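Accompanying notes for the structure given below.
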Amino acid sequence: PHAADALRAAGYREILDLSRDGAFADGNTALTTLAALGHILSAGAGLSGGRALPDMTVGICGYGRLGKSLCRALLFLGARVVVWTSNAGVRRSLGACGIDTRYREHGRPVYDLSGVDVFINTAPCPCLPDGADTRGITVIELASGDNFPGREDIIRLPSLPAREYPESAARLCLSALRRYADGERYGGENTEGGT
C-alpha cells in the first residue's frame with residue numbers, strides 16, 4: 001500500500017509505468033538473459049546429447065530488447081544463432097554479420113525448426129503451431145503470457161526471473177519503485193535488507 005500511495009503521489013496511476021523505466025527494462029533484460037544462459041549451461045548434459053554450447057544452434061524468436069541481448073551473449077559464448085523476426089531491416093543487418101535469420105510473419109507461428117537444438121521464445125504471442133513436434137529440441141519460454149497452452153514439455157522461465165535470481169529481481173523491482181516514490185518515505189531504507 002505504501003508503494004502504491006507513493007506512486008500515486010508521484011503522478012503514476014498505473015504500475016505499468018515501470019515498463020517505461022529504461023533502467024528497469026535494461027536490468028530485467030540482463031537478469032532474464034542470465035537466467036536463460038544459466039539454465040542452458042547448467043542443464044549441460046541434458047541438452048542436445050551433452051554437446052557444448054559452441055556445438056549447438058540456438059534459435060531466438062523475436063529480436064527486441066531481450067532477443068538482442070540473448071543473441072549477443074550466445075554469439076560471445078560460441079553458439080550458432082538463428083533469429084526469427086518479421087523485420088526485414090533486422091534480417092538484413094544480422095545477415096550482413098553472418099547471422100542466420102528466418103522470416104516470421106508477425107503473430108504467426110514458427111513452423112521450421114530444422115537444425116535448431118534450443119529454441120527460445122522472447123515474443124509475447126504463440127510462436128509454435130499447436131502440436132508442434134519439438135522432440136530433440138529444448139524449448140525455453142521467456143515471454144510473458146501463456147504462449148504454449150497445455151504444453152508440459154516447455155521450460156518456462158519467468159520474464160522477471162524470480163526462480164533463478166529472486167534477490168536480484170526483487171531488488172530490481174524495489175529500486176525502480178523507489179525512483180518513483182517520494183524521497184522521504186523510501187530514500188533512507190537499506191536496499192540490501194529486504195522490504
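Any read-out appearing in this document is the output of simple, stated calculations on the displayed coordinates, not a laboratory observation. Predicted model only: the values in this text are computed from it and were never measured. A quick note on method: Cβ atoms are made from the backbone with ideal geometry, for glycine too, and the neighbour counts reach across all protein chains shown.
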Could you give me the ³J(HN,Hα) list for the range 98-105, computed from phi with Karplus coefficients 6.51, -1.76, 1.60 and θ = phi - 60°, whole Hz, x at Gly and Pro?
-> x, 8, 5, 10, 9, 6, 9, 4
Put a dot 7 Å past each Cα toward the Cβ at residue 146 and residue 175; how far apart are the dots in nm?
-> 3.4 nm
Report, by chain and number, residues whose modeled amide H sits under 5 Å from the one on residue 156, excluding near sequence neighbours (fewer than 5 apart, same chain).
-> 141
Percentage relative contact order, the range 69-146, counting C-alpha pairs under 8 Å, at least six apart = 23 percent
Using modelled backbone amide H atoms (1.01 Å from N, in-plane), which distant-in-sequence or interchain residues come within less than 5 Å of residue 86's amide H?
-> 104
Listed by chain and number, the residues whose amide H is under 5 Å from that of residue 81, excluding neighbours fewer than 5 places away on the same chain and using placed H, are 58, 100
So residue 135 and residue 112, fully extended at 0.36 nm per residue minus their Cα-Cα distance, gain in nm 7.0 nm
